[in-house]
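Student: This is the structure I have questions about; it appears just below.
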Amino acid sequence: MHDWLTSFAGAEKVLEQIIGIWPDADLFSVVDFLPDENRGALLGKRATTSFIQRLPRARSAYRAYLPLMPLAIEQLDVSAYDLVISSSHAVAKGIITGPNQLHVSYVHSPIRYAWDLQHQYLAEAGLRTGLKSWLARAALHYMRIWDQRTAHGVDAFVANSDFVARRIRKAYGYDSTVVYPPVDIDRFQLGTSKEDFYLTASRMVPYKRVPLIVEAFAQMPDRRLVVIGDGPDFERVRSIATPNVTLLGYQSNEVLVDHMQRAKAFVFAAEEDFGIAPVEAQACGSPVIAYGRGGVLETVLESHDPQVRTGVFFQQQTVVDIVEAVERFEAAGRFAPEVCRNNALRFTAERFRAELFAVIERNRC
């Protein structure tokens, strides 16, 4: 059971590996509008979907139906199966199962915008005040009640990081086993020849804080930054970019890997539940300068030992902190590409499949 299938991003890469373990499994989702070019990763499977699939503008505005998703997911019938695996960052774990079924939920995060990120979400959506704000707050209140109640229907929680495990404990009151998500390490090959530029790459949405990184490098005109990615914040980034900042927009995987292999360091300012991009950068042999919150604390190693360290952290999402972190990085000396690569090897797809399968087998007993 997967929340929704509309694009092929991090959660769908996890789903791909789950289906790789159980290739004969049936697939369920609230909606399934996955592009045809991504269907092969799911072995050609199409999901059994909810009534939301047939509602007006469901393809483009499925998120607007969030208040209906608890009802929708409860109508999906999985009673014929002995094992149900939910891949959940929103509502998937709410699928109804019986006492003779094992329900294991791989949680990317409890619903972020209903729990600890509610106030950030309301601010970014312009819903701090007014009638729409109160309607949104009421809907999120209802989602929290439903989300907490349906946690009792899960037999075993699996978290994608220690950070998310703490979120699960806080929101649901249950412990979980950490199984880090799979990263396609083979796609990001080691590069040992580094050039004199820093790199950041992500979809330009507010929480990624790409404008903050660009503002910081505006204060460091002698240091070059390359920015890969597109999204709602792109025009803002372009308006503040200085001559030492190169904006490449959306690029192919080949271009992204090439820049990751040649970059002096990868700069990351988001608070992520896990954060795949920093691992991909390390797989390419590039160290990471990252905001020291969230899953990145588990994937990047800060140390004085050159045989251990793979990056440095900054403690606040501010221009001053990023500038100071870059200065500390420059003063630290060489970061070994091979050490970065070896650290990334902790997060392979093979390791994910083995650990998830072991968790489920333990709970079958």
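No value in this document is a laboratory result; all are computed from the given coordinates. Since the structure is predicted, the reported quantities are computational estimates derived from the model, not experimental observations. In this analysis, Cβ positions are derived from the backbone assuming ideal geometry, glycine residues included, and neighbour counts consider all displayed protein chains.
Student: Output needed for the chain: three equivalent-ellipsoid semi-axes, defined as square roots of 5 times the C-alpha gyration tensor eigenvalues, in descending order, whole Å.
Tutor: The equivalent ellipsoid of the chain has semi-axes of 36, 24, 19 Å.
Student: At Glu235 and Ala331, where each label point lies 7 Å from the Cα along Cα→Cβ, what is the point-to-point distance in nanometres?
Tutor: Modelled inter-label distance: 4.1 nm.
Student: Working out 0.36 nm times the residue gap between Gln75 and Thr192, then minus their Cα-Cα distance, what length gain in nm do you get to one decimal?
Tutor: Difference between extended and current length: 36.8 nm.
Student: For Lys194, give me every one of the lysines with a C-alpha distance below 26 angstrom, ignoring sequence neighbours fewer than eight places off in its own chain.
Tutor: Lys208, Lys264
Student: Viscosity 1.002 mPa s, temperature 20 °C: give me the Stokes-Einstein translational D for region 319-358 in µm²/s, with Rh taken as the Kirkwood radius over C-alpha pairs. Intermediate values should be presented prior to the final figure.
Tutor: On the way: Rh = 12.9 Å.
D, rounded to a whole number, is 166 µm²/s.
Student: Rg/Rh for region 80-150: what does it come to with C-alpha atoms and Rh from Kirkwood? Write down the numbers at each step before the final one.
Tutor: On the way: Rg = 15.1 Å, Rh = 13.6 Å.
Dividing the radius of gyration by the Kirkwood radius yields 1.11.
Student: Separation of region 234-251 and region 1-51 by C-alpha centroid, Å?
Tutor: 34 Å
Student: According to the Kirkwood expression over distinct Cα-Cα pairs, how big is the hydrodynamic radius of region 185-346, in Å?
Tutor: Numbers: mean 1/r = 0.0655 Å⁻¹.
Kirkwood radius, region 185-346: 15.3 Å.
Student: Report the FRET efficiency, 1/(1 + (r/R0)^6), for Arg203 and Leu102, where r is their Cβ-Cβ distance and R0 is 35 Å, rounded to 0.05.
Tutor: The value I calculate is 0.50.
Student: Still on this model: Nothing charged except the Cβ atoms of Lys and Arg (+1) and of Asp and Glu (-1): what's the magnitude of the dipole of the chain about its Cα centre? Round to the nearest 20 debye.
Tutor: Numbers: 40 positive and 43 negative charges, 172 e Å.
Here the chain has a charge dipole of around 820 debye.
Student: OK, next. Let me have the 222 nm mean residue ellipticity of the chain computed from DSSP H runs of 4+ only, each contributing -39500 (n - 2.57), with the sum over all residues rounded to the nearest 500. Intermediate results must be reported in sequence, preceding the final value.
Tutor: Details: 15 runs with 139 residues, N = 365.
Calculated at 222 nm, the ellipticity per residue is -11000 deg cm²/dmol.
Student: Continuing with the same structure: Say the dipole of the chain comes from +1 at the beta carbon of Lys and Arg and -1 at that of Asp and Glu; which of Gly295, Val312, Ala354 then lies farthest toward its positive end?
Tutor: Highest projection toward the positive end goes to Gly295.
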